[in-house]
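Undergrad: Below is a structure I'd like to ask you about.
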Amino acid sequence: MFPYSPRPGTPAADWPDALSKAEGTARAARLRGLAESRKRSFLKTLITLPQLTVLVELTEGESNGVCEFYAPCQVRGESPRPGSLVRMRPEGVESGRIVGTLLQQEGA
């Protein structure tokens, strides 16, 4: 999120009660903080589940992907094929993503 900045020629540019630049910046910072807090809380909730289904992508030599809840994940253990669906046991949250152990590849 970023603070609003008026653009000449737009209706909002002429609003008489526009926020000051400092207030806009402060509000954007509060919103970013709230979004990050909610994301951490959501990821912590997901690691209480017995398993997640992850669509795997290979990035920088790691098996990363997203689960059915659109949360970023890293699958550890045996390297699944990129593009495959795998079941993963969530074990923790690191660097804003769920990390867990490979349980089973779909179709395996």
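The values are calculated or read from the model by the stated rules, or taken from the named source; none is laboratory data. This structure is a prediction, so every number in the text was calculated from the model and none was measured. Cβ placement follows ideal geometry from the backbone for every residue including glycine, while neighbour counts extend to all protein chains displayed.
Undergrad: Taking the condition at pLDDT below 95 and in contact with a Ser or Thr (Cβ under 7 Å, 6 or more places away or on another chain), does GLY83 pass?
TA: Answer is no for this residue.
Undergrad: In addition: Taking GLU57 as the residue in question, decide whether it is at pLDDT below 95, in a loop (DSSP other than H, G, I, E, B) and not polar (S, T, N, Q).
TA: It is false that GLU57 is at pLDDT below 95, in a loop (DSSP other than H, G, I, E, B) and not polar (S, T, N, Q).
Undergrad: Which residue out of ARG27, ARG97, ARG76 is under 30 Å from PRO8 (Cβ atoms), of a type in the set (D, E, K, R) and surrounded by 13 or more Cβ atoms within 10 Å (Cβ to Cβ)?
TA: ARG27
Undergrad: What number of residues within the stretch 23-72 satisfy the criterion of being among the acidic types (Asp, Glu) and outside the structural domain of VAL86 (by TED's automatic domain parsing)?
TA: Counting residues in the stretch 23-72 that are among the acidic types (Asp, Glu) and outside the structural domain of VAL86 (by TED's automatic domain parsing) gives 2.
Undergrad: For the stretch 99-108, indicate whether the set of residues that are within 18 Å of PHE42 (Cβ to Cβ) and of a type outside the set (A, V, I, L, M, F, W, C) is non-empty.
TA: Yes, that holds for at least one residue.
Undergrad: Quick one: GLY83 ticks every box in (1) in the same structural domain as THR101 (by TED's automatic domain parsing); (2) more than 14 Å from THR101 (Cα to Cα); (3) under 18 Å from the mean Cα position of the chain (by Cα) bar one, so which box is it?
TA: The one condition GLY83 does not meet is (3).
Undergrad: Now, a different point. Could you tell me which residue of the stretch 31-47 is farthest from ARG89 (Cα to Cα), considering only residues that are in contact with a strand residue (DSSP E or B) (Cβ under 8 Å, 6 or more places away or on another chain) and in a helix (DSSP H, G or I)?
TA: ARG40
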